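Here's the structure, in structure tokens; my notes come after.
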Amino acid sequence: MRVTFLGTGTSHGIPSIGCQCRVCCSPDPRDVRTRCAVAIQCGERTLVIDTPPEFRQQAIRSHLTRIDALLMTHAHADHIFGLDDVRRNNDMQRGVLPVHATTRTLADLARVFHYVFAPGQIGGGVPRLAVAPIEGERFTAAGIEVEAILVWHGRLPVTGFRIGRFAYVTDVSAIPPASLRRLRGLHTLVLSALRPAPHPTHFTLAQALAVVDDLAPERAYFVHMTHQVAHAETEATFPPGVRLAYDGLILTLTD
């Protein structure tokens, strides 16, 4: 399995508009963070989790030329506003692209992207998508076995995903006990960790570290960081096996 971090930043992105803070002006390329998404390659098949506003640029930068299925965590703008860009994949692959999400998230996508999902649309380029509602805890995407894991983003349910011993959990402020049990035994956990200060709908760095300590994956990578998190100095405070992810980072995982 090959995991590419397409984006690792929070909803504003880094640098943030109009900000002159030391992270937004940092010379460290790891402090430049587009909105969160990952591409997961298993053999010849590639799954993409979320399509943020920069998705086109992310795909070009990471040489992402094929997508076999989309997995959507939830329908906030920073996770879905690049959805229209996948019509290029329709053209290249000459086919329809399945979108796996909960019924709630699919309904939100149909509302936001009415021109894509409403019947009888005429004119312009429209992504060709096949909705694939996630029903239950396990499903198959492009022939790959995936687990859907419920977490909470404030009062909003968000879907985390586990494939084998890899899991991706973003936009989270609470993980139910049943979901924690399903996140044990991991080789690699990707988990959002917003900033040092408390937030009503996101884990802080300390809260994310506590989850890692509890779950004890072999290694963990944090994503969805704000400009309050400087890559080098923050990572230097972490225990062994815990890192900050950054845009363009590639992991090669073996079972």
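The values are calculated or read from the model by the stated rules, or taken from the named source; none is laboratory data. All values derive from a computational prediction rather than experimental measurement. Neighbour counts are summed over all protein chains in view; Cβ atoms, including those assigned to glycine, are modelled from backbone coordinates with ideal geometry.
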(request) Considering only the range 109-162, give the strands (runs of 3 or more DSSP E) lying wholly within it that have at least 3 residues that are aliphatic (A, V, I, L, M) and over 21 Å from G95 (Cβ atoms). (result) 144-153
(message) Which residue is farthest from A174 (Cα to Cα), if the candidates are limited to the range 215-238 and must be over 20 Å from the mean Cα position of the chain (by Cα) and buried (at least 18 other Cβ atoms within 10 Å of the Cβ)?
(response) A230
(message) For the range 176-214, which positions are among the small types (G, A, S) and surrounded by 15 or more Cβ atoms within 10 Å (Cβ to Cβ)?
(response) S179, S192, A193, A208
(message) Regarding the range 130-137, can at least one residue be identified that is more than 17 Å from V48 (Cα to Cα) and touching a residue at least 40 places away in the same chain (Cβ under 8 Å)?
(response) yes
(request) Would you be able to tell me the number of residues in the range 69-87 that are in contact with a Pro (Cβ under 8 Å, 6 or more places away or on another chain) and either among the polar types (S, T, N, Q) or in contact (Cβ under 8 Å) with a residue 60 or more places away in the chain (or both)? (result) 5
(request) Residues being closer than 20 Å to Q57 by Cα and surrounded by fewer than 17 Cβ atoms within 10 Å (Cβ to Cβ): count how many of those fall in the range 12-37. (result) 4
(message) Go through the range 92-126 and report how many residues are farther than 25 Å from T140 by Cβ and either among the polar types (S, T, N, Q) or modelled with pLDDT of 95 or more (or both).
(response) 3
(message) Just checking, does the range 88-105 include any residue being surrounded by 22 or more Cβ atoms within 10 Å (Cβ to Cβ), in contact (Cβ under 8 Å) with a residue 24 or more places away in the chain, assigned to a helix (DSSP H, G or I) and in contact with a helix residue (DSSP H, G or I) (Cβ under 7 Å, 6 or more places away or on another chain)?
(response) no
(request) Search the range 36-61 for residues that are of a type in the set (D, E) and pair each with any residue that is part of a helix (DSSP H, G or I) when their beta-carbon atoms are under 6 Å apart and the residues are at least 6 apart or on different chains. (result) D50/H79
(message) Here is a check on your reading of the model: is R111 in contact (Cβ under 8 Å) with a residue 40 or more places away in the chain, more than 18 Å from G9 (Cβ to Cβ) and surrounded by fewer than 18 Cβ atoms within 10 Å (Cβ to Cβ)?
(response) no
(request) Name the one entry in V172, V212 that is within 26 Å of C42 (Cβ to Cβ) and not in a loop (DSSP other than H, G, I, E, B). (result) V212
(request) Hey, can you tell me all the residues within the range 239-252 that are part of a loop (DSSP other than H, G, I, E, B) and either among the polar types (S, T, N, Q) or surrounded by 17 or more Cβ atoms within 10 Å (Cβ to Cβ) (or both)? (result) A245, Y246, D247, G248, L249
(message) Looking at T46, T65 in this structure, which one is in a strand (DSSP E or B) and over 23 Å from G154 (Cα atoms)?
(response) T46
